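J.: Dropping the structure in here first, questions after.
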Amino acid sequence: MNLDKGRALVCGGAGFLGSHVCERLLLEGMDVVCFDNLQTGARANIAHLLRDEAFTFVEGCVCEDLPEGPFDEIWNLASPASPPRYQIDPVGTLMTNVVGTRNGLDLARRWNARFFQASTSEVYGDPEVHPQREDYRGAVNATGPRACYDEGKRAAETLCFDYRRMYEVDVRVARIFNTYGPRMDPEDGRVVSNFVVNALASRPLELYGGGEQTRSFCYRDDLVDGFLLMMRHPDPIEVPVNLGNPVEVTVRELGELVHEMIGTRPAYVSRPMPIDDPRQRRPDISRARELLGWEPRTPLRLGLEKTIAYFAKDAARRRQSEPA
Ligand code: NAD
Ligand code: UDP
């Protein structure tokens, strides 16, 4: 169904967040071109959208040729997001974020399209300021194993604001904090998926560095609401905006909650703390509240309930498709 609300390109549209963005844009009546090299995304995430004639999937890499316009909106979510995944090919990760963002911005310039950039709380590195406001400039180790992602995303932000200043591209830059929910890849190594998948299989949870580091977890629907508010805001947004849930927990507390909700006996193994792993992270979302009237609504317990149900169903489906 095409309600003639315009045409969007979603780079990284077959991933966890990107597939939800595609869904929401289709619901709004847009034509959607999803562009993805399936490095960390999956056809299964968009299989249900392929029946919609307003939806097209094009397989390809953002560092190469992007699909041809016209486009009214370009959404750039293309980049592996989980630390173990983005560290498999660090040079590729950096290039995806720098060259891919530049290609997207060039296309936006050519078609006068609004451009969304999925930036990250990782631009703050291992922060000395807590909670993190957008005017904090961060503490990234430029030469460590996380730098391919952190510096790639920082350079991508620089490109966005330079394209705004030089060519008046209407950019919207969201700094996303840890987000979870159904359709996360069970094997991509992020803490929520690891904990839920392992607890469901009655395996111990791995606590890196003892689990005293903190994160603030946002449910994906709340986050995507924030994305849409940013992109639909009538005025230019000339600054990056933190999007995340300010409720902070330690990794160990997250593990305890997962065990309690699944009903498994708490069991943990200790693993070394990964290099440069941020010790604390919590967004200050005053800017999002003031500019967009946005704040997350889903409590961690409710979001986890839906996520656990998703992974339980996914595990059952995988077991059924295994050869006897
Ligand atoms: P994801 O790995 O599920 O999705 C990323 C998608 O980009 C995948 O479908 C992948 O195949 C695709 N991709 C990667 N490199 C590409 C390339 N060179 N060309 C084309 N496609 C490519 O991760 P996600 O959680 O959905 O994250 C989406 C975006 O949001 C990423 O840019 C990520 O950095 C950002 N982000 C996510 C979180 C989070 O907690 N989920 C936090 C901060 C930022
Ligand atoms: N973590 C953990 N066990 C796991 C996976 C991750 O203790 O099985 C820790 C990780 O070291 C980090 C936090 O959980 O401190 C969040 O990790 P994730 O990879 O989800 O996101 P990020 O580090 O990018 O915030």
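J.: Counting just the residues of region 68-85 that are over 23 Å from Leu228 (Cα atoms) and either in contact with a Cys (Cβ under 6 Å, 6 or more places away or on another chain) or not in a loop (DSSP other than H, G, I, E, B) (or both), which one comes out nearest to ligand 2 (Cβ to nearest atom)?
T.: Looking at the filtered set, the residue picked out is Pro83.
J.: Just need a number here: residues in region 147-174 that are within 14 Å of ligand 1 (Cβ to nearest atom), basic (Lys, Arg) and out of contact with any Gly (no Cβ under 8 Å at 6 or more places or on another chain).
T.: Residues that pass the stated criteria total 2.
J.: For region 234-257, which positions are away from ligand 1 (no atom under 16 Å from the Cβ), surrounded by fewer than 16 Cβ atoms within 10 Å (Cβ to Cβ) and part of a loop (DSSP other than H, G, I, E, B)?
T.: Pro234, Asp235, Pro236, Glu238, Val239 - these are the residues of region 234-257 that are away from ligand 1 (no atom under 16 Å from the Cβ), surrounded by fewer than 16 Cβ atoms within 10 Å (Cβ to Cβ) and part of a loop (DSSP other than H, G, I, E, B).
J.: Find all pairs meeting these conditions: Cβ atoms under 6 angstrom apart; at least six residues apart or on different chains; first residue within region 85-112 and crowded, with 16+ Cβ neighbours inside 10 Å; second residue of a type in the set (D, E, K, R).
T.: Arg85/Asp188; Asn97/Lys153
J.: Can you work out which of the residues in region 119-138 that are in contact with a helix residue (DSSP H, G or I) (Cβ under 7 Å, 6 or more places away or on another chain) and under 20 Å from Gln87 (Cβ atoms) is surrounded by the most Cβ atoms within 10 Å (Cβ to Cβ)? Quick ask: steps written out before the conclusion?
T.: Of all residues in region 119-138, those in contact with a helix residue (DSSP H, G or I) (Cβ under 7 Å, 6 or more places away or on another chain) come to 119-120, 122-123, 125, 132, 134, 136, 138.
If we keep only those that are under 20 Å from Gln87 (Cβ atoms) too, we end up with 119-120, 122-123, 125, 138.
Details: Ser119: 24, Thr120: 23, Glu122: 26, Val123: 23, Gly125: 23, Gly138: 16.
Among residues in region 119-138 that are in contact with a helix residue (DSSP H, G or I) (Cβ under 7 Å, 6 or more places away or on another chain) and under 20 Å from Gln87 (Cβ atoms), the one surrounded by the most Cβ atoms within 10 Å (Cβ to Cβ) is Glu122.
J.: Report every pair of residues separated by at least 6 positions or lying on different chains whose Cβ atoms are under 7 Å apart, first residue within region 248-275 and over 27 Å from Gln87 (Cβ atoms) and more than 10 Å from ligand 2 (Cβ to nearest atom), second assigned to a helix (DSSP H, G or I) and of a type in the set (Gly, Ala, Ser).
T.: What qualifies is His259/Ala199; Ile262/Ala199; Thr264/Ala199.
J.: Note down all Cβ pairs under 7 Å where the first residue falls in region 43-64 and is more than 12 Å from Glu23 (Cβ to Cβ), the second is β-branched (Val, Ile, Thr), and they're at least six residues apart or on different chains.
T.: Close Cβ pairs (under 7 Å, with a partner that is β-branched (Val, Ile, Thr)) amount to Thr56/Val33; Phe57/Ile46; Val58/Val33; Val62/Thr96; Cys63/Thr96; Cys63/Val99.
Readers should treat all values here as calculations from the given coordinates under stated rules, not as data from a laboratory. In this text the structure is predicted, and so the values were computed from the model without any measurement. So basically every Cβ, Gly included, is an ideal-geometry build from the backbone, and we count neighbours across all protein chains shown.
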